[in-house]
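The values are calculated or read from the model by the stated rules, or taken from the named source; none is laboratory data. Worth saying up front: this structure is predicted, and the values here are computed from it rather than measured. Note that we place each Cβ from the backbone using ideal geometry, even for glycine, and neighbour counts take in every protein chain shown.
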Amino acid sequence: MIFVFLLLWIGLSYVVAKLAEDRVIGFTGTFVISLITSPIIGLIVIAFSPINEHYSQQVTDNKQDVINSIKANQLADEIIKLKKMKDDGLITEIEFEMLKYKLLNDQ
């Protein structure tokens, strides 16, 4: 019974600490506080801990990197399609270059 209680305590402390990753106190601080005192106290500490602006900016930068990567992949796919159309004789070399230029400069 104590083993189950201990596992539950550690698990709840971990969940509470994950909630604090974007806070100034961070994961480790919240995890330690939750383990020593109580996961409920850990939640209270999170409520009063300010948001870490550096972490928020890092998350925003990561999201922007993903968006840019998706756009680059879509652009590459479009150029590949144009190349195939040119190779199949559906468009001329000049049309291919014009369409490619338009794709690259619309970004």
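Points to keep in mind about this one:
- Set GLN107, GLN74, GLN64, GLN58: member being at pLDDT below 90 and either exposed (fewer than 10 other Cβ atoms within 10 Å of the Cβ) or assigned by TED's automatic domain parsing to the domain that holds LEU6 (or both): GLN107
- Filtered residue count, the range 17-42, keeping only those that are on the phi < 0 side of the Ramachandran plot, within 20 Å of the chain's Cα centre (by Cα) and assigned to a helix (DSSP H, G or I): 4
- Selection of the range 1-43 for residues being under 30 Å from THR60 (Cβ atoms), of a type in the set (Phe, Trp, Tyr) and out of contact with any Gly (no Cβ under 9 Å at 6 or more places or on another chain) yields TYR14, PHE27.
- Restricting GLY11, GLY89 to residues that are outside any helix (DSSP H, G or I), over 23 Å from the mean Cα position of the chain (by Cα) and without any contact (Cβ under 8 Å) to a residue 12 or more places away in the chain narrows the list to GLY89.
- Here the range 45-55 is the region considered, the condition is being at pLDDT 85 or above and exposed (fewer than 14 other Cβ atoms within 10 Å of the Cβ), and the residue that is farthest from SER13 (Cα to Cα) is PRO50.
- Test: residue in the range 72-87 that is farther than 30 Å from LEU104 by Cβ and either in contact with a Pro (Cβ under 6 Å, 6 or more places away or on another chain) or small (Gly, Ala, Ser) (or both): no
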